[in-house]
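Trainee: Next up is a structure, given as structure tokens.
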């Protein structure tokens, strides 16, 4: 825990997500400040720092991780680098906010989880930002309550267009693929709404290149007998769909934009001949996430996406790749 001043955060890389996920929210969260950045290209890091008002540029990722002026590390690097630099940050005594997916595969996630367990004084949080927005609890409460009756089926979709073939999210060596990028969200939402850990019963992938999926549909079954389907794509006929559906014996819940509910998110419950709607708070999911991270670092507050949850999510993703006749990332 850190008492007194704000949590000093350093970011690895000058990723496109960083302004929205960290720099912007830090301006609204009094307990956080972004004090440093490192990138493979120092000139790029300097440009990023100047534009975003970040006071210090480090010569390398390791220099940032080792700095005594950094309390916590934000890791938005390509998926294939998450394990290495989260472990490096932990070894240097830093708290970590790591972008999803947590690692290449479940084995790597278990390695990081073990390292985190050995340092209970440090916070390691996977950046499933939607989980920290009140809307996530609204969804979960409806699915877990009695309104829909016993749940029979859960389905999730995270589909968006990414046509640029050179994008790193299509590189196997960097942990790319639709199931990793879009599918990690769709998997996490399905697990949240079912309230159980699924077993993969089948999967079908559409390929962008050797060993890299551009779309995948995954069938799952939960211990209670609830069935599910996880749909994700970065290039398919379903160009843009971010949604969830829970079907029970007495009704159904449909959710629009569960992963960024501050942008027109809404859930609709149809049960007993009555239909009702619930909207979402307009504060950004990333701001809620950063507040939770700071509270965990400064006060020891619990987090909703610890490494154990990351292992469970990566286990489903690995099983989906195997069921589709593909290799899990990094294997």
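Throughout, read-outs are computed from the coordinates displayed, never taken from laboratory work. Just so we're clear, the structure is a prediction, and the values are computed from it rather than from any experiment. Reconstructed Cβ throughout: ideal geometry from the backbone, glycine too, with neighbour counts over all protein chains shown.
Trainee: Angle check, please: helix 183-194 long axis (alpha carbons) against the longest principal axis of the chain (alpha carbons), in degrees 0 to 90, nearest 10.
Mentor: 60
Trainee: Right, another one. How are the alpha carbon pair distances in segment 134-282 distributed across 5 Å bins from zero to the largest one, expressed in percent?
Mentor: In whole percents, the pair-distance histogram is 2, 10, 19, 20, 18, 14, 9, 5, 2, 1, 0.
Trainee: Based on the alpha-carbon gyration tensor of segment 117-205 and its eigenvalue square roots a ≥ b ≥ c, which shape applies: rounded if a/c is under 1.5, prolate if not and a/b is larger than b/c, or oblate? Please report the intermediate quantities before stating the final value.
Mentor: Numbers: a/c = 2.01, a/b = 1.31, b/c = 1.54.
It comes out oblate by the Cα gyration axes.
Trainee: Separation between the residue 92 and residue 59 pseudo-spin-labels, each 7 Å from Cα along Cα→Cβ, expressed in nm?
Mentor: 1.4
Trainee: If you take every DSSP beta bridge fully contained in segment 134-282, what fraction is antiparallel? Give it as a percent rounded to 5. Don't jump to the answer; show the numbers that get you there.
Mentor: Values: 41 of 48 bridges.
Roughly 85 percent of the DSSP beta bridges within segment 134-282 come out antiparallel.
Trainee: Return a whole-number percent for the relative contact order of the chain, with Cα pairs under 8 Å and 6 or more residues apart as the contact set.
Mentor: 20
Trainee: Exposure proxy check: 47, 126 ranked by fewest other beta carbons within 10 Å?
Mentor: 47, 126
Trainee: Please compute P(r) over all alpha-carbon pairs of the chain, binned at 10 Å starting from zero, and give each bin as a whole-number percent.
Mentor: Reading the bins upward from 0: 6, 26, 34, 24, 8, 1, 0.
Trainee: Let me ask something else about it. Using only Cα atoms, find the angle between the long axis of helix 42-52 and the longest principal axis of the chain, and express it within 0 to 90 degrees, rounded to the nearest 10.
Mentor: With rounding to tens, the tilt is 70 degrees.
Trainee: To continue, here is another question. Could you give the length gained on full extension between residue 237 and residue 140, defined as 0.36 nm per residue of separation minus the Cα-Cα distance, in nm? Intermediate values should be presented prior to the final figure.
Mentor: Working: separation 97, 0.36 × 97 = 34.92 nm, distance 2.92 nm.
Value of the extension gain: 32.0 nm.
Trainee: What percent does the relative contact order of segment 134-282 come to when contacts are Cα pairs within less than 8 Å and at least six residues apart?
Mentor: 29
Trainee: Just to be sure I understand: of the beta bridges DSSP finds with both ends in the chain, what percent are antiparallel, rounded to 5?
Mentor: Numbers: 41 of 67 bridges.
That works out to approximately 60 percent antiparallel.
Trainee: Here's a follow-up. Based on DSSP H runs of at least 4 residues, each adding -39500 (n - 2.57), what is the mean residue ellipticity at 222 nm of the chain after dividing by all its residues, to the nearest 500 deg cm²/dmol?
Mentor: Numbers: 10 runs with 103 residues, N = 331.
-9000 deg cm²/dmol, from helical runs alone.
Trainee: Give me the angle, in degrees from 0 to 90, between the Cα long axis of helix 307-323 and the longest principal axis of the Cα atoms of the chain, rounded to the nearest 10.
Mentor: The angle comes out near 60 degrees.
Trainee: Distance between Cα centroids, segment 8-26 to segment 189-228: provide it in whole Å.
Mentor: 30
Trainee: Let me check against my output: what whole-number percent is the relative contact order of segment 214-327, with C-alpha pairs under 8 Å and at least 6 apart? Walk me through the intermediate numbers first.
Mentor: On the way: 124 pairs, mean separation 13.8, N = 114.
Dividing the mean separation by the residue count of segment 214-327 yields 12 percent.
Trainee: Now for a separate question. Based on alpha-carbon centroids, what's the gap between segment 45-111 and segment 118-146 in Å, whole number please?
Mentor: 22
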